[in-house]
Amino acid sequence: MAARAKVEHMDHSPEENLRRYGQTIPPTYNYSKIEVPVHIFRGKNDLVSSSGEISNLVKLLRPGVVQNCIEVPDYNHFDFSFATDCAEKVINPIIDVVRSQESGMCK
């Protein structure tokens, strides 16, 4: 969402967009259709997506969809992919979230 007012599907040529989407320009994602629980992780030092953009994203989602927003201290946007401590600070907490949700799932 960084520096953009809207997020669209992949933009192909107008002809390909028409074939894929039924229109010449790609459609905007409709975040209000998301019904599953969302857990947002962001880096406190993220210059790519600001806390204001995260707030705007939360407003686009249905009430109650966002379960929590976890801010990772000392992380920037790229640390989520390249930091050597990503497993400890991000991946393991995500696994914990998934495990906490499992009890209500079909097995």
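List, please: which pairs have Cβ atoms under 8 Å, are six or more places apart or on different chains, and start with a residue in the stretch 80-102 that is surrounded by fewer than 13 Cβ atoms within 10 Å (Cβ to Cβ) and end with one that is part of a helix (DSSP H, G or I) and among the charged types (D, E, K, R)? Going by the 8 Å Cβ cut-off, there are no qualifying pairs.
Taken as a whole, the condition of being touching a His at 6+ places or on another chain (Cβ under 7 Å), more than 23 Å from residue 8 (Cα to Cα) and assigned to a helix (DSSP H, G or I) applies to residue 97. Do we find a residue being loosely packed, with under 13 Cβ neighbours inside 10 Å, part of a loop (DSSP other than H, G, I, E, B) and in contact (Cβ under 8 Å) with a residue 12 or more places away in the chain anywhere in the stretch 55-72? So far as the stretch 55-72 goes, yes, one or more of its residues are loosely packed, with under 13 Cβ neighbours inside 10 Å, part of a loop (DSSP other than H, G, I, E, B) and in contact (Cβ under 8 Å) with a residue 12 or more places away in the chain.
Note on the stretch 61-89: residues that are under 17 Å from residue 31 (Cα atoms) and small (Gly, Ala, Ser) total 1.
For the stretch 26-53, what are the residues that are surrounded by 13 or more Cβ atoms within 10 Å (Cβ to Cβ), among the aliphatic types (A, V, I, L, M) and in a loop (DSSP other than H, G, I, E, B)? Matches in the stretch 26-53: 34, 48.
Every read-out reported here was derived from the displayed coordinates using simple, explicitly stated rules and does not represent laboratory data. Small disclaimer: the values here were computed from a predicted structure and weren't measured. In this analysis, Cβ positions are derived from the backbone assuming ideal geometry, glycine residues included, and neighbour counts consider all displayed protein chains.
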